[in-house]
Amino acid sequence: MCLRLGFSLLGLAGCCAPSDMGGGNGQKSKMARERNLEKQRAAAKGSQLETNKKAMNIQCKVCMQTFMCTTSEVKCKEHAEAKHPKSDLSACFPHLKK
């Protein structure tokens with residue numbers, strides 16, 4: 001009977017190796033390292049906010065408000081009419097002179 005028990009224990013020990021099972025502290029540490037590495041890589045690329053600040057290159061000359069470089073002439077005209085009704089469009093945005 002002891003021999004049978006010995007064989008079955010040996011058989012069980014071989015089928016469930018600790019390396020096959022995930023979820024221990026080692027696995028958690030590995031996943032945390034991978035997540036932190038991804039965060040560091042994303043931070044190295046630069047912030048989206050910094051990129052947006054660099055793209056703000058249209059500026060109203062009256063109130064100094066900045067606009068994205070993709071802002072259309074219509075939006076500039078709306079700004080000039082709403083914020084500076086006494087000034088003309090070319091005073092606010094000299095690049096839109098015709």
**Message:** Can you report the number of residues in the stretch 25-70 which are surrounded by fewer than 10 Cβ atoms within 10 Å (Cβ to Cβ), over 28 Å from the mean Cα position of the chain (by Cα) and not in a helix (DSSP H, G or I)?
**Reply:** 1
**Request:** Identify the residue in the stretch 71-98 that is more than 36 Å from the chain's Cα centre (by Cα) and over 12 Å from Lys61 (Cα atoms) and, among all such residues, is modelled with the lowest pLDDT.
**Result:** Lys98
**Asked** If you go through the stretch 71-97 one residue at a time, how many are among the charged types (D, E, K, R) and assigned to a helix (DSSP H, G or I)?
**Response** 6
**Any hit, the stretch 33-52, residues being of a type in the set (A, V, I, L, M, F, W, C) and closer than 17 Å to Ser90 by Cα** = no
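The values are calculated or read from the model by the stated rules, or taken from the named source; none is laboratory data. Just so you know, these numbers come straight off a predicted model, no measurement behind them. Here Cβ is always computed from backbone atoms with ideal geometry, including for glycine, and neighbour counts include all displayed protein chains.
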